[in-house]
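A.B. asks: Quick one: structure below, then a few questions.
The values are calculated or read from the model by the stated rules, or taken from the named source; none is laboratory data. Keep in mind that what you see is a predicted model, and the values were worked out from it rather than measured. When we count neighbours, we look across all protein chains shown, and the Cβ atoms used for this are built from the backbone with ideal geometry, even at glycine.
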Amino acid sequence: MKITVVKKFGKYVPAYDSDYEKSKKHKEGEFYEIEIKQPRNIKFHNKYFALLNLVFENQENYTNIDDLRREITIDIGYYHEYVTIHGEIKKQAKSISFANMDDFEFSELYGKTINEILANYLTGNTREEIENEILENFENKIIK
C-alpha cells in the first residue's frame, strides 16, 4: 500500500483524505517501512527539455532530439552496459521517466546535463547565459 505523506511538526502524516483512510488500517505501535521519494516536478522536467531544445537548435550533428538526449545521458554516465550476441559491449541510456527517477535523482541528472552541455555543446556560453535563455523561452516549453 502506498500513501502520500507530508512532514508536519516533525512527523509524517497522510497528505490526503484517501491516504488517511488507508493509514487507519495500520496499528499504533507497529513498525512500518516507508519509501520516501519526492514526486517529480513537471515544470522542472519541461525545463530539462527546454535545455535540450536549446542545444538541439544550436547544433547540426543530430537529426532528432531523442538521439541527442540519449547521447548526453550516456556521456554523463547515466547508462547501463550490455553485451551483444557478437560479444560487443554497448551502452544504453537509462530511462528518465517519472516512474524510474524521483525529483532528487532528476535534479542530479539536470546538473550533470548542463555541465556536459557547457563542456561539449555550447562551449562559448556561461551557465548563467544558458539558464537565462531557458528562462526566456521556458514558458513556451511547459505543458499547461
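A.B. asks: Is it the case that ALA93 is among the aliphatic types (A, V, I, L, M), free of Cβ contacts under 8 Å to residues at least 40 places away in the same chain and touching a helix residue (DSSP H, G or I) at 6+ places or on another chain (Cβ under 6 Å)?
C.D. replies: For ALA93, the condition - among the aliphatic types (A, V, I, L, M), free of Cβ contacts under 8 Å to residues at least 40 places away in the same chain and touching a helix residue (DSSP H, G or I) at 6+ places or on another chain (Cβ under 6 Å) - is met.
A.B. asks: Kindly indicate the residue of the stretch 85-117 that is surrounded by 10 or more Cβ atoms within 10 Å (Cβ to Cβ) and farther than 24 Å from ILE42 by Cα and also nearest to the chain's Cα centre (by Cα) among those meeting that condition.
C.D. replies: GLN92
A.B. asks: Still on this structure: Spot the failing condition for ARG70; the list is (1) loosely packed, with under 12 Cβ neighbours inside 10 Å; (2) farther than 30 Å from THR4 by Cβ; (3) not hydrophobic (A, V, I, L, M, F, W, C), and only one is missed.
C.D. replies: Of the numbered conditions (1) loosely packed, with under 12 Cβ neighbours inside 10 Å; (2) farther than 30 Å from THR4 by Cβ; (3) not hydrophobic (A, V, I, L, M, F, W, C), the odd one out for ARG70 is (1).
A.B. asks: Go through (1) within 23 Å of the chain's Cα centre (by Cα); (2) at pLDDT 85 or above for ILE36 and report which single condition fails.
C.D. replies: Failing condition for ILE36: (2).
A.B. asks: Among the residues of the stretch 37-47, are any under 30 Å from GLU133 (Cβ atoms), assigned by TED's automatic domain parsing to the domain that holds ILE134, surrounded by 10 or more Cβ atoms within 10 Å (Cβ to Cβ) and touching a strand residue (DSSP E or B) at 6+ places or on another chain (Cβ under 9 Å)?
C.D. replies: no
A.B. asks: Here's something else I'd like to know. Would you confirm whether or not the stretch 30-38 contains a residue that is of a type in the set (Lys, Arg) and touching a Lys or Arg at 6+ places or on another chain (Cβ under 9 Å)?
C.D. replies: No, there is no match, as no residue in the stretch 30-38 is of a type in the set (Lys, Arg) and touching a Lys or Arg at 6+ places or on another chain (Cβ under 9 Å).
A.B. asks: Does ASN58 meet the test of being of a type in the set (S, T, N, Q), crowded, with 16+ Cβ neighbours inside 10 Å and more than 21 Å from ALA99 (Cβ to Cβ)?
C.D. replies: Against the criterion (of a type in the set (S, T, N, Q), crowded, with 16+ Cβ neighbours inside 10 Å and more than 21 Å from ALA99 (Cβ to Cβ)), ASN58 does not qualify.
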